[in-house]
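Take a look at the structure set out below.
Coordinate-derived values only; no laboratory data. Just so it is clear, the structure is predicted and the values come from calculations on it, not from any experiment. Cβ: placed from backbone, ideal geometry, glycine included. Neighbour counts: every protein chain shown.
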Amino acid sequence: MSTLDLVIRRAHVVTATDDTRCDIGVAGGRIVALGESLPRAAREIDAGGRLVLPGGVDGHCHLDQPMPAPMKMADDFASGTRSAACGGTTTVIPFAAQAKGESLAAAVADYHRRAEGKACIDYAFHLIVSDPTPTVLAEELPRLIRDGYTSFKIYMTYDDLKLSDREILEVMDLARREGAMVMVHAENSDAIAWLTEKLLAAGRSAPAYHAAARPAPVEREATHRAITLAELVDVPILIVHVSGGEAIEQIRWAQGRGLNIYAETCPQYLMLTAEHLGGPGFHGAKCVCSPPPRDKASQRQVWEGLANGTFHVVSSDHAPFRYDDPQGKRLGGKEVAFPHIPNGIPGLETRLPVLFSEGVVKGRIDLHRFVALTATNPARLYGLYPRKGTIAVGSDADLVVWDETRHAVIRNDLLHHAVDYTPYEGIEVTVWPALTLSRGAVVWEDGTFRGTAGSGRFLTCGLPEPARGRRVAARIWE
Ligand code: URP
Ligand code: ZN
Ligand code: ZN
């Protein structure tokens, strides 16, 4: 065994599959030994029998993503990764977004500049493909996939991002050829535009009408269409930020037919309902995200989907817009009509404590599933496993010691993002990370951030597991 830099003693190690009590030996930022009575190391941490889980992998968050002016995201790679680390997340995967008419490679280069020297934990990039031109499809995207950008998001809504069905087929076909993962934002754009027009014409412009403009059938139809297109192409896809039963039914139907459909949900669909968009005055804008949170029955359906394996990933979809800010929810300094409110809510730091408290402590999911949903599965689906997402010899020493006696009421002033609110203000959690380690270095310890901007490394991703070694039958036209 190489000389140890660090030993974490008396750890209760739980992974997606195993439950062990042992010491963890770390050298060069990686786990090199799991065993009893490991030799002394330069640094020693006594976990005292507390739970030690793999650091979280947040496979869907937005940091410093370029936005049409005057909109601006509050979190850059410094504040976003700081906040993530304080909540037990040690890898983030935000999005290098292509603007229509622009090169995808240029978007990636720009995004690297934005991240450079700022992150305190490791990070990879997904791509957002908004303009799949022949050059993008034939040259840029295949090259980027081979260079380690192996997953990309496509949108079925938002005028500046959405793809036609024909474009979706082209992008999915390329993903199949190259073994990449397609993440789909599934909402029917024309239906939303039509409903929005009707609502505004009737003078209904308050934040609460955001939910009325994007009802469940809008998401259900697009989810079904995305599944159908993926079936035609014969490619695995992942439906992101699924909000409730109607979309879940489509996903389960597809999974029941043997299709490789993966699904993600987010804490907002477990904790919020459309009623939160109708808060006093303009405050409902704080919970405007797409798809919108729905109702109590939907929350129950999402919990069921987490417990029965329909969902593979729980991500934050952290989209950090300040509330009281002309670059944020009060765009241009006004209480704008709902279609102009920047979409998205913050959640990087609260994702794990909220899911642990509401899911594991309340007996809705077990600890193995918690780890799978928040660390192991995103690492597998985005080509980072086993370097990330588990506790094993050879994996990076991204570890979280959990304090299960820590009762805390979430308040925004306790969080470390640059957003001026949390939608979870006042919610009680019963666990919080006591210690977060990123490649063996302490980034969060007993309530204090100890990370260093710039110590986080960029990760190139391997091929997503669903695509690896996949034997695909030739289609009739091949
Ligand atoms: O409302 C949301 N979810 N905003 C973030 C962007 C996206 O579509 O994920
Ligand atoms: Zn989305
Ligand atoms: Zn998102």
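Here the spin labels are modelled as points 7 Å beyond Cα on the Cα-Cβ line, and at A106 and R470 they lie 3.1 nm apart.
Dimensions of the chain from C-alpha coordinates, computed as largest minus smallest value along each principal axis and given longest first, are 70, 58, 42 Å. Close amide H pairs (under 5 Å, H built 1.01 Å from N) link A97 with I128, residues at least 5 positions away or on another chain. Find the relative contact order for segment 344-418 and round it to a whole percent, using C-alpha pairs within less than 8 Å whose residues are 6+ positions apart. With pairs under 8 Å counted, the relative contact order is 19 percent. Rounded to the nearest 10 degrees, the angle from helix 216-233 to the longest Cα principal axis of the chain is 80 degrees.
Subtracting the Cα-Cα distance of T20 and E445 from 0.36 nm times their residue separation leaves 150.7 nm of extension gain.
Between E116 and L169, the simple spin-label model (points 7 angstrom out along Cα→Cβ) gives 4.2 nm. If I take R0 = 25 Å and measure r between the Cβ atoms of N260 and H368 in this structure, what FRET efficiency does the formula 1/(1 + (r/R0)^6) give, to the nearest 0.05? About 0.65, to the nearest 0.05. Here the spin labels are modelled as points 7 Å beyond Cα on the Cα-Cβ line, and at T133 and D324 they lie 4.4 nm apart. Over the chain, dividing the summed -39,500 (n - 2.57) contributions of all DSSP H runs of at least 4 residues by the number of residues returns a 222 nm mean residue ellipticity of -7000 deg cm²/dmol.
Residues whose amide H lies under 5 Å from that of A434, counting only those 5 or more places away or on a different chain, are V401, W402, D403; hydrogens are built 1.01 Å from N in the peptide plane. Reducing segment 400-419 and segment 54-125 to their Cα centroids gives an inter-centroid distance of 22 Å. As a length-normalised measure over Cα pairs under 8 Å and 6 or more apart, the relative contact order of segment 145-294 settles at 24 percent.
Looking at the chain alone, DSSP beta bridges between its own residues are antiparallel in about 45 percent of cases.
Do the alpha carbons of any pairs in K329/K362; K118/K388; K362/K388; K72/K153; K100/K153; K72/K296 sit beyond 23 Å of each other, and which pairs? K329/K362; K362/K388; K72/K296, as the Cα separations exceed 23 Å there.
To the nearest ten degrees, helix 104-115 and the longest principal axis of the Cα atoms of the chain are 50 degrees apart. Here the calculated FRET efficiency for A202 and R10, from their Cβ-Cβ distance with R0 = 45 Å, stands at 0.10, rounded to the nearest 0.05. Angle of helix 245-256 to the longest C-alpha principal axis of the chain, folded into 0 to 90 degrees and rounded to 10: 70°.
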